[in-house]
Amino acid sequence: MDMTLTEHHKTLVVKIIGELDHHYATRIRETIDIEIKDKDIRLLIFDLSALEFMDSSGIGVIMGRLRLMKQQGGKVCVAGAKDSLNKIICLSGLSGLIGIYHSVEEAMKGGQVA
Amino acid sequence: MKDFINLEFPSKSSYESFARATVGAFAARLDPTIEELSDIKTAVSEAVTNAVVHGYRGKEGMIYITCALEGRELTVEVTDQGSGIRDVEEARQPLFTTKPEEERSGMGFTIMETFMDSLTVDSAPEKGTKVVMKKVLSTMEA
Ligand SMILES: Nc1ncnc2c1ncn2[C@@H]1O[C@H](COP(=O)(O)OP(=O)(O)OP(=O)(O)O)[C@@H](O)[C@H]1O
Ligand SMILES: [Mg+2]
C-alpha cells in the first residue's frame, strides 16, 4: 500500500495505491485525519483508480472519514473504483451515502459544496 | 488423490495479504474469471481479518486455512482457537459488529456470504471459530 495526499482549496484528494486491508487501515486513517483537521477540508475525494484490492476494512475507513467530514460540514466522494471494488462499495450501502464518480475531475465538479 | 493445501500462520495483520494471495494462487488452477478470483480473495481476507481482530484480539495465536478442490468446487476453511462467538445468528446479520469503535462496519460475514456460494460458521465461546466457504467456479467457454 502506498498513498499520496493532494490538497487544494480545502479539497483533499487521497490516492490509495495497491491493497487496502486491516493491516494498512490505521495508517491510512491517521494520515487522512490529521490533514482533514489541519487544512479544514470540505471535500474529501478517495481516488481508488490505482487500488487493486479492498475489503471491509476499507469500507470502515471510508465510513469513518464520512462521519468526521459530516461534523466539519464537508462531503466525501469515491472516484475511479474498479468493478471489483464497486461490488463491495454497493453491498455495504456506501453508494447511498457518498458520491461515486468515474474520475477525480468528475468528483471535483459533482462534489462541490455550493 | 484430492487436491488440497494447509496453511498455518500467526495471528498478525501482516499475514492477511499473504493468506488471500495464497488461496488465490491455489484457486487459479481452475482458471477462474477475474471476478471469481477477486470474490475469493475478498472472502478469505474477511475471514482471516475476523480471526485476527475478533478471535485473538491482538493476543498470540495461530490461524489455520485448508483449501480443497473437488471438480470445479473450491472449499476454504479458516479456523482460529480464539474467543469464539456467543450468538452466530446475530453475528451474521448485516451491519452487526461488536467493534464499532475500531471502525468495523459489520459487513464481513455478509461479504463472505454474497461472494461465495455458501458459508457455514461453527463457533463456541472460548474455543474458537471455524468458517467454511464454498464456491463452484464457472466452466470456461471454448
Ligand atoms: N473469528 C471470530 N472470532 C470471534 N468473533 C468473531 C469472529 N468472526 C466474527 N466475529 C464476531 O462477529 C461479528 C460480525 O463479524 P463481521 O465480519 O460480519 O463484522 P465485523 O468484523 O464486526 O466488521 P467488518 O467485517 O465489516 O469490518 C464481529 O463483530 C464479531 O463480534
Ligand atoms: Mg469482519
| said: Over segment B:3-136, how many pairs of lysines fall under 15 Å by alpha carbon, counting only those 8 or more apart in sequence or from different chains? | reply: 4
| said: Of A:L43, A:Q71, A:T26, which is farthest towards the positive pole of segment A:2-110's charge dipole, taken about the Cα centre with +1 and -1 on the beta-carbons of Lys, Arg and Asp, Glu respectively? | reply: A:Q71
| field | 5 Å-binned pair-distance histogram of segment A:2-110 (Cα, whole percent) | value | 3, 13, 27, 29, 21, 8, 1
| So for the protein assembly as shown, what are the equivalent ellipsoid semi-axes in whole Å, largest first, each being the square root of 5 times an eigenvalue of the Cα gyration tensor? | 33, 21, 15
| task | Could you tell me which of rounded, prolate or oblate describes segment A:51-114, using a ≥ b ≥ c as the square roots of the eigenvalues of the alpha-carbon gyration tensor, with rounded for a/c under 1.5 and, failing that, prolate when a/b is larger than b/c and oblate otherwise? | result | oblate
| Which one of B:T75, B:L30, B:M133 is farthest out on the positive end of the charge dipole of the protein assembly as shown, using unit charges on Cβ (Lys, Arg +1; Asp, Glu -1) and the Cα centre as origin? | B:M133
| said: If neighbour count is taken as other Cβ atoms inside 10 Å, put B:F4, B:F115, B:F26, A:F46 in order from fewest to most. | reply: B:F4, B:F26, B:F115, A:F46
| message | Quick check: the angle from helix B:16-27's long axis to the longest principal axis of chain B, C-alpha only, nearest 10 degrees? | response | 30 degrees
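Let's test the formula: R0 of 25 Å, r as the Cβ-Cβ distance of B:E8 and B:D122. What FRET efficiency results, to the nearest 0.05? Intermediate results must be reported in sequence, preceding the final value.
Values: r = 19 Å, r/R0 = 0.74.
Approximately 0.85, to the nearest 0.05.
Nearest 500 deg cm²/dmol is fine: what mean residue ellipticity at 222 nm does chain A get from its DSSP H runs of n ≥ 4 alone, each adding -39,500 (n - 2.57), divided by its residue count?
-13500 deg cm²/dmol
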| For segment B:3-136, what is the charge dipole size about the Cα centre, in debye to the nearest 20, if Lys and Arg each add +1 at the Cβ and Asp and Glu each add -1 at the Cβ? | 260 debye
| remark: Taking chain B, the whole-percent share of alpha-carbon pairs separated by over 20 angstrom is 44 percent
| request: Show which lysines lie in cross-link reach of A:K109 when reach means a straight Cα distance below 21 angstrom and same-chain residues fewer than eight apart are skipped. | output: A:K10, A:K15, A:K39, A:K70, A:K75, A:K82
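Throughout, read-outs are computed from the coordinates displayed, never taken from laboratory work. In this text, all values refer to a predicted model and were calculated from it rather than measured experimentally. Neighbour counts run over all protein chains shown; Cβ positions are idealised from the backbone, glycine included.
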